[in-house]
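Okay, structure first, notes after.
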Amino acid sequence: MVWQDNSDRLFIGGEWVAPSGTRWIDVVNPHTEQAFARVPEGERADIDRAVAAARDAFDDGPWPWMSLVERIAVLERLGVLIAERRDEIARLVTDEMGCPITLSLGMQATTPRLLVDSFVAMAPEYPWETLRESATGRALVVREPAGVVAAVIPWNNPMVIALIKLVPALLAGCTAVLKPAPETPLDSFLLAELFAEAGLPAGVVNVVPADREVSEYLVTHPGVDKVTFTGSTAAGRRVAEVAGPLMKRVTLELGGKSAAIVLDDADFGPVVESLRIGSFRNSGQVCSLKSRVLVPRSRHEEFLDAFTAMVDTMPVGDPTDPATQVGPLVNSRQHGRVLGYIDAGRSEGARLVRGGGRPSGLERGLYVEPTVFTDVAPGMRIAQEEIFGPVATVIPYDDEAQAIAFANDSQYGLNGSVFTSDPAHGVRIARRIRTGTVEINGSPVGFTAPIGGFKSSGIGREAGLEGFDAYVELKSIGLPRDLDIVE
């Protein structure tokens, strides 16, 4: 396996090259709390080399000038190769960040292929060129590749998030430098191998793991035209702060504190089963999870009984065990952060009804029990701040207007859901929720729909046809009236 054979190197210019420095990143398994691999920590000189390779590939290489059909063929081969390595990808991400293996096989390892296929299918539908006629002029409006892309990704769903950025960028004709999180660099190295095997020209995608200081150097690098970042809102603000003065194009997919509104007519059985994944998927380490559950006050205790009974059926433990539903948190910093929020909930007067600490019998590993609070005021920290762990709050409301107000009482606006026996009424409620995505009865929007956030949850959209918009620049070419243009 190339990425393992070259784990002491970086992927730059289509080759596995020695790093410029001597610092290393230990990749720690959060179940054992032991390092099982290490990779070079990129330095500024490595970023310079990676950006130069991407710049050369864009300015002088064949990729931007290949036909869309040719670029699609490379991405189609990538999708096939990802499918062939599905089990390997799942095991690798589980070892890197603790995602339970049964979930990894779907979320971490099957979804990448589906995502690639979705963009490939949509690419011919995108309006790359349009002819516009008017009384005041005639124009060929073209969407050209934005240039060199800096793609900075987090650790919680690493290959999917890498591909939701890279695939539309590549189909548009861009080149890229991928900066994976220090916790999960190995799957990005594997992805580099797959890109090369699929026939991507040298320099089109480069992979350099790095710390925050070097990552900021990448974001502000003069050779980078476009920055796309997924991560915390605090980090996203910093990206915007340093990229803004340089007039770099920026897409930010940031944090969330999403609310599930459970209406009075909802059947609680299907609701709590949906929230098993909707509130606790990936041990709570997903930005779109419904960490605030809003329920009618008249049915609050009934819902709480059903919700906690569901939580009691979620096995916690070794993420390589197919039965496990809640694995460890990614690192000791995140583990301490989540426990700190649980302490804050207690100190602010919320009632802890499930969990709240380390599971019994798991003295090793970065584990936190699935935790449920109630008697939570909307202004409490655990109801306002993104915890990013297996912690949910159950908040009662008096009427639908108050439920909508509670759902919108957040700096975030990433996701949300409405549960009801009347889906049409649910859609009317969804229209009043200020978030980029709202799911009715847990129904996913799919990859042909755009996703992203209102307010502090980000800038721009990913997925869908709109996912291409981030990686193109618009150009209008004025045409003589008598010039024939073949679209």
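The values are calculated or read from the model by the stated rules, or taken from the named source; none is laboratory data. Please read these numbers as outputs of a predicted model, since none were measured by experiment. Here the Cβ positions follow ideal geometry from the backbone for every residue, glycine too, while neighbour counts run over all protein chains shown.
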*Mind checking which residues of region 85-118 are within 15 Å of residue 163 (Cα to Cα) and touching a Phe, Trp or Tyr at 6+ places or on another chain (Cβ under 8 Å)?*
114, 115, 118
_Residue in region 368-380 that is on the phi > 0 side of the Ramachandran plot and in the same structural domain as residue 396 (by TED's automatic domain parsing) present_ = yes
*asked:* When you scan region 2-24, do you find a residue that is modelled with pLDDT under 95 and within 24 Å of the chain's Cα centre (by Cα), even just one?
replied: yes
_Meets criteria (farther than 25 Å from residue 184 by Cβ and either surrounded by fewer than 18 Cβ atoms within 10 Å (Cβ to Cβ) or not assigned by TED's automatic domain parsing to the domain that holds residue 332 (or both)) for residue 30_ = no
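Regarding region 130-139, can at least one residue be identified that is closer than 19 Å to residue 73 by Cβ and either modelled with pLDDT under 95 or assigned by TED's automatic domain parsing to the domain that holds residue 188 (or both)?
First, pick out the residues of region 130-139 that are closer than 19 Å to residue 73 by Cβ: none.
No: region 130-139 contains no residue that is closer than 19 Å to residue 73 by Cβ and either modelled with pLDDT under 95 or assigned by TED's automatic domain parsing to the domain that holds residue 188 (or both).
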*asked:* I'd like the residue in region 402-446 that is without any contact (Cβ under 8 Å) to a residue 12 or more places away in the chain and over 16 Å from the mean Cα position of the chain (by Cα) and, out of all such residues, is farthest from residue 292 (Cα to Cα).
replied: 424
*Name every residue in region 447-460 that is part of a loop (DSSP other than H, G, I, E, B), without any contact (Cβ under 8 Å) to a residue 60 or more places away in the chain and not small (Gly, Ala, Ser), in order of residue number.*
450
*Considering only region 432-446, how many residues are in contact with a Phe, Trp or Tyr (Cβ under 9 Å, 6 or more places away or on another chain), over 16 Å from residue 413 (Cα atoms) and in a loop (DSSP other than H, G, I, E, B)?*
2
*May I ask you to list the residues in region 431-487 that are basic (Lys, Arg) and farther than 30 Å from residue 262 by Cβ?*
475, 481
*Could you tell me which residue of region 275-305 is surrounded by the fewest Cβ atoms within 10 Å (Cβ to Cβ), considering only residues that are farther than 16 Å from residue 391 by Cα and not acidic (Asp, Glu)?*
298
*Residues (crowded, with 17+ Cβ neighbours inside 10 Å, more than 19 Å from the chain's Cα centre (by Cα) and either in a helix (DSSP H, G or I) or not aromatic (Phe, Trp, Tyr) (or both)) located in region 117-132*: 120, 122, 123
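Considering 178, 140, 200, 171, which residue is outside any helix (DSSP H, G or I) and within 28 Å of residue 478 (Cβ to Cβ)? Don't jump to the end; show me each part of the working.
Details: 178 fails: within 28 Å of residue 478 (Cβ to Cβ); 200 fails: within 28 Å of residue 478 (Cβ to Cβ); 171 fails: outside any helix (DSSP H, G or I).
When all the criteria are applied, what remains is 140.
Looking at this structure, is residue 239 in contact with a Phe, Trp or Tyr (Cβ under 6 Å, 6 or more places away or on another chain), assigned by TED's automatic domain parsing to the domain that holds residue 374 and β-branched (Val, Ile, Thr)? Talk me through it step by step, then tell me what you get.
Values: in contact with a Phe, Trp or Tyr (Cβ under 6 Å, 6 or more places away or on another chain): yes; assigned by TED's automatic domain parsing to the domain that holds residue 374: no; β-branched (Val, Ile, Thr): yes.
It is false that residue 239 is in contact with a Phe, Trp or Tyr (Cβ under 6 Å, 6 or more places away or on another chain), assigned by TED's automatic domain parsing to the domain that holds residue 374 and β-branched (Val, Ile, Thr).
Can you pull out the helices (runs of 4 or more DSSP H) entirely within region 1-116 that have at least 2 residues that are closer than 30 Å to residue 320 by Cβ and in contact (Cβ under 8 Å) with a residue 24 or more places away in the chain?
Values: elements: 2-5, 44-59, 68-84, 86-97.
Per the criteria, 2-5, 68-84, 86-97.
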